[in-house]
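Beneath this line is the structure, given in structure tokens, with notes to follow.
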Amino acid sequence: MVKSEKQKFTIYEMDPSGKNRYVRSPDNNTAIDVKPFNAVASQKMPEETAQVLRGNPFLYKDNRNSEIYSIEDFLVVYKRKEILLGEVIRNNNYPLKTRKRIFKKAFKLWYKDYTKKKNQTFRENFRTIEVIKGIGNVKFPVLMELAIWIMFIAMIFIIGIDSQLWNNISSGNFGLFLQTALNSMYNSSPWLKTIGYATVYILMVLIVYSLFFHTVIKDYKRYYQKSRCYLDDSENQINRDFKKKRKKVYKYYKRNLKKNNPYFPPLSIKEVQEGEVNIATFNTISKATVNKSYRLMKFEPILKYIKKILLFLCIGGFLFVYGYSIISVIIAAI
């Protein structure tokens with residue numbers, strides 16, 4: 001085993017002013033005992049802290065219970081023992097080749113873990129977003145809405161035989177014949193006019209229903225599009241930021257390890273961890289979109305069922321009243 005030895009070097013510590021950077025310690029000649037491998041590997045720490053340090057610095061979130069200032073505070077595994085990364089790459093008791101290999105292995109594992117979770121989150125959320133894309137088919141097609149308005153006007157026309165419009169129509173012989181035939185029909189079958197009024201009221205409900213849900217679905221589609229654009233932009237930003245940070249970390253430690261100088265400043269965790277737009281934020285926005293869509297999806301079958309019933313009653317009432325009227329006019333003409 002390599003013997004312990006005293007080495008003098010410059011110490012770096014957090015800036016006392018509170019800035020997130022490392023500065024030279026006021027005492028530049030402090031003698032620090034460079035401990036051998038077994039002593040470093042056997043250090044004890046609370047399990048809660050160890051769980052955080054076993055994580056991925058690229059996925060690290062600020063935690064009040066753990067004081068993590070650098071990527072070097074995280075644990076790596078070497079010969080089935082957990083060691084702080086900083087204790088390894090700054091310890092001259094390890095051959096330089098070994099220190100480089102440990103750093104590259106740890107960096108590779110962190111990179112794969114982050115990429116896997118990132119891609120999995122993107123893939124799962126975009127699949128969900130695509131599934132809910134078809135939600136919102138409650139509103140009527142344009143041609144159906146036009147047909148509803150035509151039926152509404154036609155029903156008012158056929159039951160409003162005492163209106164000024166019919167008085168103008170009855171000024172002619174054919175118009176007078178139609179008005180007389182319809183009046184005779186309603187007098188002999190008063191329930192027919194009740195069906196006509198009921199059909200008009202149902203058509204009014206259907207029109208209000210159509211206008212209301214047209215607004216609701218339009219708002220939902222707008223929200224969906226904004227969410228999708230945000231997720232697309234977030235994915236690009238997350239990929240771009242991670243690529244930039246990954247390169248910076250790797251080049252920084254590769255350059256300093258190559259110099260075989262263990263006394264360079266540790267790279268702050270702020271240079272490694274995710275920014276404001278991160279995987280968790282991406283997931284939160286996606287779930288919010290899903291929750292909003294779920295509320296609409298939950299009632300969509302009921303709304304579609306109501307729409308079909310109202311439409312069936314309207315068409316049925318319209319055809320019945322006009323069919324009965326046409327037959328009555330033909331009988332009157334014979």
Restricting the stretch 269-282 to residues that are surrounded by fewer than 17 Cβ atoms within 10 Å (Cβ to Cβ) and under 11 Å from the mean Cα position of the chain (by Cα), the residue that is nearest to residue 227 (Cα to Cα): 281
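Let's see how each residue does on (1) surrounded by 13 or more Cβ atoms within 10 Å (Cβ to Cβ); (2) aromatic (Phe, Trp, Tyr); (3) at pLDDT 80 or above:
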site: 95; (1), (2), (3): no, no, yes
site: 98; (1), (2), (3): yes, no, yes
site: 102; (1), (2), (3): yes, no, yes
site: 110; (1), (2), (3): yes, yes, yes
site: 114; (1), (2), (3): yes, yes, yes
site: 126; (1), (2), (3): yes, yes, no
site: 135; (1), (2), (3): yes, no, no
site: 139; (1), (2), (3): yes, no, no
site: 143; (1), (2), (3): no, no, yes
Out of 274, 235, sole residue that is among the acidic types (Asp, Glu) and part of a loop (DSSP other than H, G, I, E, B): 274
Every pair of residues 6+ apart whose Cβ atoms lie under 6 Å, when the first sits in the stretch 92-111 and is in contact (Cβ under 8 Å) with a residue 24 or more places away in the chain while the second is part of a loop (DSSP other than H, G, I, E, B): 93/2; 93/36; 96/260; 110/56
Among (1) without any contact (Cβ under 8 Å) to a residue 60 or more places away in the chain; (2) farther than 22 Å from residue 321 by Cβ; (3) of a type outside the set (Val, Ile, Thr); (4) surrounded by fewer than 14 Cβ atoms within 10 Å (Cβ to Cβ), the one test that residue 221 misses: (1)
Pairs where the first residue, in the stretch 248-266, is without any contact (Cβ under 8 Å) to a residue 24 or more places away in the chain and polar (S, T, N, Q) and the second is surrounded by 12 or more Cβ atoms within 10 Å (Cβ to Cβ) and in a loop (DSSP other than H, G, I, E, B), C-beta under 9 Å, 6+ apart: 256/262; 256/264
Which listed residue, of 252, 294, is farther than 30 Å from residue 149 by Cα, in contact with a Leu (Cβ under 6 Å, 6 or more places away or on another chain) and in a helix (DSSP H, G or I): 252
Conditions (1) buried (at least 20 other Cβ atoms within 10 Å of the Cβ); (2) at pLDDT below 85: number failed by residue 59: (1)
Residue satisfying all of: in the stretch 161-176; under 60 Å from the mean Cα position of the chain (by Cα) and assigned to a loop (DSSP other than H, G, I, E, B); surrounded by the most Cβ atoms within 10 Å (Cβ to Cβ) among these: 161
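Restricting the stretch 189-206 to residues that are free of Cβ contacts under 8 Å to residues at least 60 places away in the same chain and surrounded by fewer than 19 Cβ atoms within 10 Å (Cβ to Cβ), which is farthest from the chain's Cα centre (by Cα)?
The qualifying residue farthest from the chain's Cα centre (by Cα) is 190.
The values are calculated or read from the model by the stated rules, or taken from the named source; none is laboratory data. Since the structure is predicted, the reported quantities are computational estimates derived from the model, not experimental observations. Cβ sites come from the backbone with ideal geometry, for glycine too, and all protein chains shown count toward neighbours.
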